[in-house]
Each structure stands twice: as structure tokens, then as C-alpha cells.
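The values are calculated or read from the model by the stated rules, or taken from the named source; none is laboratory data. Being a predicted model, the structure only gives us computed values, none of them experimental. Methodologically, a virtual Cβ is constructed for each residue, glycine included, from the backbone with ideal geometry; neighbour enumeration extends over all protein chains shown. Keep in mind that these areas ignore ligands, DNA and RNA; they rest on the heavy atoms of the full protein, side chains included. Shrake-Rupley method; radii C 1.70, N 1.55, O 1.52, S 1.80 Å.
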Amino acid sequence: MATFDAVLVGSGINTLTAAALLARDGWSVCVVERSDRLGGAIRTEADYTLPGFTHEVLSSWHPLFQGSAAYAELGDELHRRGLEYVNTELPTATAFPDGAAMFLQTSLEANVAEFDRFAEGDGAAWQRQFEEFMANADVSFGVLGTELWSSAGLGLGRRMLRRFGRRGLLDFAGHALATCRDWTNATFRSEQAHGLLAPWVLHTGLGPDNAVSGFMTQVIACAVQLGGMPVPVGGGVTLVDALGGIVTDAGGELRTDAEVERITVSGGRATGVALAGGESIGATRAVVAGVTPTQLYGALLRPGDAPPDVRAAAEAYRYGRAGMQIHIAMDAPPRWKGPDAERLSHTAIVHVTPGLDGVSRAVNEAERGLLPAEATIVAGQPCAVDASRAPEGKWIVWIQLQELPAGRVKGDAAGELDVGDGTWTEELREAYADRVVARLGESIENLGEATLKRVALSPADLERLNCNLVAGDIYAGSCALDQNLLWRPFAAAPGHRTTVEGLWHVGASTHPGPGLGAGSGYLVAKELTKPAMSRRVLAKLPGRS
Ligand SMILES: Cc1cc2nc3c(=O)[nH]c(=O)nc-3n(C[C@H](O)[C@H](O)[C@H](O)COP(=O)(O)OP(=O)(O)OC[C@H]3O[C@@H](n4cnc5c(N)ncnc54)[C@H](O)[C@@H]3O)c2cc1C
């Protein structure tokens, strides 16, 4: 039986990052992936719609990775291995039905002017909120980058207490719980400002009326101004290849078409994995599982391996709204309508929505099991940032829909589509995609005539590509507050250490949740490679550096 220091289950951004960090630290590692390729939700496909068109089939935008601790540590090496980021000064905008558009840019001055364009005084409000956020950015980003149930988490709590005092901390935490609706209404006068910011809440797995969505909106809005919307030249596959290269050059193994059927446990300690087909791989120091809690506790571990309360909590773990992707290859760049057409055509991500209430309505319809009448269309334009994605003069559109029912579709809020028995058939997928594309065509006048090919992926298709996207939940678990932050994945086993010694849980289902920030993989790798307590104490003795 092949044996490694660590076996990592799945090859998403978190396990790949952890594997690279462990390999650099001298660990022998083996990454085991059930799919035919590495990367999980990073899936770049050349010639996907037509020859010469390179699409990010799933995730596309890398501000989280570029802003991550993993990137800070591995960035130089990843660049040497071919990863190259390009960025834009026009990361995002919202296009409204009346033809108006509002932009969030990478310059504070430009944003102040933009907010003032729609309501005098909103510019100053933007600047104020940005400065207030930045004054405590270490704490806000710290919450998302710290193992909360650990001495580091305790340290962060103490730092907050020292800084704010007891009442101040209560006030800070209370504000962090506010909804996006309450925060935007209290901060900005113009409806357009609300409509610019509210769609970003969807990218955190929340809706604008959920607790904490106000805080998440601020985190994203400030991060977008600071970091823009970077993408890797040629697609995320270059990041996957670079991380994989670190592993293999250090002697590690990357296995594809290899499904882990069981995590083997002996004497309460994880000892390796058993693959479908009978092969076993041993792990002497750690098994790191980048899977959902449902799979981890319901399938990979035997019933007796974890306490009953943990198994019950895993069984009760909730999945959130489903997502859908539509990929379009165009014969020409888009001609957006309205006075800001030119700027829109250079913007990385354009949200098409009536505004805050539009997002709220579509989220609510999806949560009631309905296809939204007027979905928030996330129209991504990778070619606006990286021209290499399409042949010269051509274009691609990456459409993301994040407001679809979790599970069976009960009906259509617009009363137009027959949803049949509520399963995602090809007919339902294409009919819904037709409606979305027709609405996008109201904002992009040449969308219909310039479309060369369209490929739509329903929630069921997404799950087929990556089993962690249960029922098409692109975030591998509801991000509602009771399953987020201190409570992710659930209170019975929060954080990443599990009740099985040597078994670590990472991935989107764990803190700090979904996205390409590699946060959980980084935190676990750091925990595994930190010097033993005795060495840390010795290092602090006088005369030692
Ligand atoms: C459609 C879509 C668009 C997104 N867009 C963005 C974006 O633009 N920017 C952003 O920051 N985030 C985005 N996200 C979120 C982000 O991509 C994910 O949260 C993140 O990539 C998840 O990483 P992960 O480490 O949890 O593993 P995943 O990427 O979920 O990968 C898990 C891997 O484990 C494998 N696996 C599972 N079980 C087993 C087993 N038993 N044996 C072997 N292998 C197994 C799976 O096949 C899969 O390859 C998007 C997500 C989706 C789905």
C-alpha cells in the first residue's frame, strides 16, 4: 500500500493549496480526485462552445485568491510556474431596466463622483463608509482569515475587546449583523447605489434581507475597490497547474479518476483512504477532506467513527439556493444600451437587475421554490479583462444565476414555464435560459444576432460536474448565519479539526466558506506545519531568534 504523510480528498482550491503548502514544508502528499481533472470548481475549458473560445465553466473571478494569505505566501512561486493575473479598473456595474448604469471602480475618487452622480452626498457617504471599514479592516478580514475556534480566534476576540471596549464591541458586532437592505438604506440615498451593491450579496451565498448581509456587502464593496477583478490569463487552469506543479516537483502525487469511498480509521485516528476499486492509500500524519459534511460523515466515515451528535448535525446540514451557468460565444463584442454603453462593454461583471428590491424578490421567489420572474443576471465579460479568451474581435459572456430553488422546482413566479415534476430536465433548463437571455438582450442590443453558440448548465448539471455542489448549490451549503462563521459547518464540529484524530475538514462547507480564497486549506496547512509547542517555547527563550 502506498503511504504518504498526508492524503487529501478532492482537488478543489483548498485541498490543492494545502497540498502545495505541505509539500513545500517537506511532507509527502497525495491528492485524490474522483473527476477526470484537478481543480473542482475551477474548470477552464478551451474550445468549450466553439474552437478558439476558452470558458471558465464554473468559477471565473479571482479577487479572493489574489487577496488571500495563500497567494501572499505562494504567489511568487505560482508566477514562476506560469500564473499571470490581469486586472481592470472597471470591476463591476449594475445595468438597470431604464438604461441607466452605475459603476464601482478601483479608484476612491472615481467612486465618490459616481455615487454623487445619482445623489449629491452619497459620494461622501461612500468615502466615510470606506474609511470606517478600513480603520478596522484587520478585524473584518481577520474574522474571515482566522481559525475562530482556536487560540488565534481567542486572540482576535481579545484584540477586538481592547480596541472597542465592551459596549463598542457590542455595537460593532450589532452593526455587523445588519442586513444589506438596512445598511444600504441607512447609508446611501440613491436607489441606484442600493442596486449597485445589493447583487454582491448573492456572491456571499446570502440575500439582501439576511442577517450579516450588510457586513458582507461592505467587505466585498471595499475589496472590489481595493483589488479590482483579477483573472488569470488563459483561465484558472493555470492556477491549478501551478499548485499541482509545486506538489509533483516535491515528489507528491496527483491522482484523478480516483474516488475515495472511505476514510479508514483505526483506534480513533485517520489512517488513510480506500478508493472505489479496492486500492488503499495510507496517511501517517493527516487526512484532509475537501468534501461536504454530508459526504464526510454520511458516507466516508463509518457510523461508529464519529459521535452520534456530530453525525446527526451533519445529516441536518442545509444546502442553499441552487445556481445555473450560461455560456455564450459571440461573433462581436456586446453593444450595451444606454448612455454608459462604452463603459459597460469594458466592465468585468455587470449585474442586470431592477435593483435592491429586484434582488430581494428573486431571492424570495427562489427560496419559496419558484423560478424567479426577473432573476438577477450576473453577466461576466472575461474578454474585458483577458482578451485571450476568444479569437480576435469575438467575445464570450459568462452568465451566473444564483436565485434558483434548492431542490425541486415548485413553479414559475412568472407563470410562464411548465416546470413539470420539478426536476431539471433539458427542456426546463433551456426554457429558463431562453427567458434569461431574452432579458439580457434588452440590455445588450446585439446579443441575439451576435450569438454563435450557447451552453447552459442547470443545477443538476453542476452537481454532475462536482458532487460538492449538492443539488446545484454552488456554495456547498447554506451561508445563513447559523451555518456560517463560528457555526460553519455546524456547532457540533465547527472549524476544521474533526472528532477523528488526524482527520481535517476543509472546503467551501467549512469556515471561511465558499470562494477561491483557499482559506480553509491554508489554515489547516498552517496548523499542520506549525512547530511543536516545545520548539515554539524554545524559540522564544532569550538568546534565540
Ligand atoms: C458555478 C460557480 C461559480 C463560482 N464563481 C466563483 C468566482 O468567480 N469566484 C470565486 O471566488 N468563487 C466562485 N465560486 C465559488 C468557488 O469556486 C468555490 O467555493 C471553491 O472553488 C470551492 O473549493 P473547494 O476547495 O471547496 O473544492 P471544490 O472546488 O468544490 O472541489 C472539490 C473536489 O473534490 C472532489 N471530490 C468530492 N468528493 C470526492 C471523493 N469522495 N473522492 C475524490 N474526490 C472527491 C470533487 O470532484 C471536486 O473536484 C463559484 C462556484 C461555482 C460552483
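What the table below lists for this structure:
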item: Those residues of segment 260-285 which are open to solvent by 60 Å² or more (accessible area, probe 1.4 Å) and among the β-branched types (Val, Ile, Thr), in sequence order; result: THR284
item: Yes/no for ASP36 being open to solvent by 10 Å² or more (accessible area, probe 1.4 Å) and part of a strand (DSSP E or B); result: no
item: Conditions (1) within 15 Å of the ligand (Cβ to nearest atom); (2) open to solvent by less than 20 Å² (accessible area, probe 1.4 Å): number failed by GLU45; result: (2)
item: Boolean, GLU416 is in contact (Cβ under 8 Å) with a residue 60 or more places away in the chain, over 25 Å from LEU469 (Cβ atoms) and among the charged types (D, E, K, R); result: no
item: Which numbered condition GLY407 fails, given (1) out of contact with any Leu (no Cβ under 7 Å at 6 or more places or on another chain); (2) modelled with pLDDT of 95 or more; result: (2)
item: Considering residues of segment 150-199 that are part of a loop (DSSP other than H, G, I, E, B) and among the aliphatic types (A, V, I, L, M) only, the residue least open to solvent (accessible area, probe 1.4 Å); result: ALA178
item: Enumerated strands (runs of 3 or more DSSP E) restricted to segment 268-367, each holding at least 1 residues that are within 23 Å of PHE4 (Cα to Cα); result: 269-275, 280-289
item: Candidates GLU77, GLU56, filtered to the one that is more than 7 Å from the ligand (Cβ to nearest atom), at pLDDT 95 or above and surrounded by 24 or more Cβ atoms within 10 Å (Cβ to Cβ); result: GLU56
item: Filter result (among the aliphatic types (A, V, I, L, M) and within 16 Å of LEU485 (Cβ to Cβ)) within segment 109-165; result: VAL139, VAL143, LEU144, LEU148, ALA152, LEU154, LEU156, MET160
item: Of all residues making up segment 280-328, the number that are of a type in the set (S, T, N, Q) and near the ligand (Cβ under 10 Å from one of its atoms); result: 3
item: Every residue from segment 467-513 that is of a type in the set (Asp, Glu) and buried (at least 22 other Cβ atoms within 10 Å of the Cβ); result: ASP473
item: Residue in segment 447-459 that is under 15 Å from the mean Cα position of the chain (by Cα), among the hydroxyl-bearing types (Ser, Thr, Tyr), crowded, with 23+ Cβ neighbours inside 10 Å and within 16 Å of the ligand (Cβ to nearest atom) present; result: no
item: Among (1) away from the ligand (no atom under 13 Å from the Cβ); (2) touching a helix residue (DSSP H, G or I) at 6+ places or on another chain (Cβ under 6 Å); (3) under 30 Å from GLY142 (Cα atoms), the one test that GLY245 misses; result: (2)
item: Residue count, segment 411-443 (criterion: more than 27 Å from the chain's Cα centre (by Cα) and buried (at least 19 other Cβ atoms within 10 Å of the Cβ)); result: 3
item: From VAL385, VAL419, residue being farther than 17 Å from GLN325 by Cα and touching a Gly at 6+ places or on another chain (Cβ under 7 Å); result: VAL419
item: Qualifying residue in segment 170-187 (condition: modelled with pLDDT of 95 or more and within 16 Å of the ligand (Cβ to nearest atom)); result: no
item: In segment 5-29, the residues that are crowded, with 24+ Cβ neighbours inside 10 Å and in a strand (DSSP E or B); result: ALA6, VAL7, LEU8, VAL9, VAL29
item: Subset tally (residues that are open to solvent by 10 Å² or more (accessible area, probe 1.4 Å), closer than 22 Å to PRO230 by Cβ and either polar (S, T, N, Q) or within 8 Å of the ligand (Cβ to nearest atom) (or both)) for segment 514-535; result: 4
item: Given (1) touching a residue at least 40 places away in the same chain (Cβ under 8 Å); (2) more than 25 Å from GLY393 (Cβ to Cβ); (3) in a helix (DSSP H, G or I), number of the condition LEU440 does not satisfy; result: (2)
item: Candidates ALA379, ALA366, ALA375, ALA322 - the one that is more than 30 Å from PRO489 (Cβ to Cβ) and surrounded by 24 or more Cβ atoms within 10 Å (Cβ to Cβ); result: ALA379
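Residue by residue, here is whether (1) basic (Lys, Arg); (2) over 24 Å from the mean Cα position of the chain (by Cα); (3) part of a loop (DSSP other than H, G, I, E, B) holds:
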| site | (1), (2), (3) |
| --- | --- |
| GLU109 | no, yes, no |
| ARG128 | yes, yes, no |
| ASP138 | no, no, no |
| PHE215 | no, no, no |
